[in-house]
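**Student:** Structure below; questions to follow.
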Amino acid sequence: MNIIVSTIDKVLNWGRANSIWPLTFATSCCGIEMMCASASNFDIARFGSEVFRPSPRQADLLICAGTITHKMAPVLLRLYEQMPEPKYVIAMGACSCGGGMFAGNAAYSVVNGIDKIVPVDIYLPMCPPRPEALFDAILKLQKEIKKESILTRKEFLESHQLNLKEENGILIRKDYDELY
């Protein structure tokens with residue numbers, strides 16, 4: 001029976017890895033590079049991701065490209081929750097990975113990394129990352145998808161479970177004070 005399950009996992013993962021449909025979610029300069037990746041010069045279609053979805057219910061990859069403010073954090077979380085399982089996240093750009101030039105005390109309104117809101121699979125920390133770097137991140141994600149099992153994905157999500165609360169209209173983790 002274990003052979004059948006592993007074979008089914010292999011076939012499903014092959015199909016998932018080669019048809020990743022990203023969600024259109026760009027908030028700043030990294031969004032221009034993400035759009036450039038789907039242009040004819042770079043052609044993201046080679047990786048099975050040619051159709052950027054306008055609805056989270058049709059996407060399985062959230063490429064968060066750009067700065068996320070505290071006001072935008074609930075929207076990002078809502079979009080992530082509306083995506084069907086299995087869902088993956090690429091944090092594209094220094095701002096979405098760790099706040100970028102707005103980190104720390106530089107700007108009070110910027111979230112210092114989207115991993116405080118949603119679990120991130122691949123980090124792409126450049127400012128702004130070139131389309132080739134996005135392709136590399138997609139290829140790494142495809143390798144991870146091909147290796148995963150139904151059980152390992154569940155363990156990943158449980159280990160990255162975030163307990164979020166809202167204070168004064170700002171979405172933060174319940175253990176925020178312990179982290180910082």
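**Student:** Determine whether CYS97 is under 13 Å from the mean Cα position of the chain (by Cα), outside any strand (DSSP E or B) and closer than 21 Å to MET35 by Cβ.
**Tutor:** yes
**Student:** If you don't mind, there's one more thing I want to ask. Regarding the stretch 144-151, can at least one residue be identified that is modelled with pLDDT of 75 or more, in a strand (DSSP E or B), at negative phi and not β-branched (Val, Ile, Thr)?
**Tutor:** no
**Student:** Residues in the stretch 70-78: is at least one closer than 18 Å to LEU23 by Cβ, without any contact (Cβ under 8 Å) to a residue 40 or more places away in the chain and more than 10 Å from the chain's Cα centre (by Cα)?
**Tutor:** yes
**Student:** Go through LYS140, LYS146 for me and flag whichever is in contact (Cβ under 8 Å) with a residue 60 or more places away in the chain, out of contact with any Gly (no Cβ under 6 Å at 6 or more places or on another chain) and surrounded by 14 or more Cβ atoms within 10 Å (Cβ to Cβ).
**Tutor:** LYS146
**Student:** Has the stretch 117-130 got any residue that is closer than 16 Å to MET72 by Cα and out of contact with any Ser or Thr (no Cβ under 7 Å at 6 or more places or on another chain)?
**Tutor:** Checked against the condition, which is being closer than 16 Å to MET72 by Cα and out of contact with any Ser or Thr (no Cβ under 7 Å at 6 or more places or on another chain), the stretch 117-130 yields at least one hit.
**Student:** Which numbered condition trips up ALA106, out of (1) in a loop (DSSP other than H, G, I, E, B); (2) modelled with pLDDT of 85 or more?
**Tutor:** (2)
**Student:** Moving on to the next point. Based on what the data block shows, is LEU171 surrounded by 13 or more Cβ atoms within 10 Å (Cβ to Cβ) and either more than 14 Å from the chain's Cα centre (by Cα) or modelled with pLDDT of 85 or more (or both)?
**Tutor:** Yes: the conditions hold for LEU171.
**Student:** Can I ask one more? For the subset of the stretch 45-64 comprising residues that are touching a Pro at 6+ places or on another chain (Cβ under 8 Å) and either among the basic types (Lys, Arg) or not in a loop (DSSP other than H, G, I, E, B) (or both), which member is nearest to GLY98 (Cα to Cα)?
**Tutor:** This residue is ILE63.
**Student:** In addition: Need the failing condition index for ALA94 against (1) small (Gly, Ala, Ser); (2) more than 14 Å from PRO128 (Cα to Cα); (3) buried (at least 18 other Cβ atoms within 10 Å of the Cβ), just the number.
**Tutor:** Result: ALA94 fails condition (2) only.
**Student:** May I pose another question? Select from the stretch 5-44 the residues that are in a loop (DSSP other than H, G, I, E, B) and among the aromatic types (Phe, Trp, Tyr) and write down the one among them that is farthest from GLU148 (Cα to Cα).
**Tutor:** Ranking the qualifying residues of the stretch 5-44, first place goes to PHE42.
**Student:** Those residues that are at pLDDT 85 or above and surrounded by fewer than 17 Cβ atoms within 10 Å (Cβ to Cβ), I need them from the stretch 75-85; list them, please.
**Tutor:** Answer for the stretch 75-85, where residues must be at pLDDT 85 or above and surrounded by fewer than 17 Cβ atoms within 10 Å (Cβ to Cβ): VAL75, LEU77, ARG78, GLU81, GLN82, PRO84.
The values are calculated or read from the model by the stated rules, or taken from the named source; none is laboratory data. Not measured: the values here are computed from a predicted model. A quick note on method: Cβ atoms are made from the backbone with ideal geometry, for glycine too, and the neighbour counts reach across all protein chains shown.
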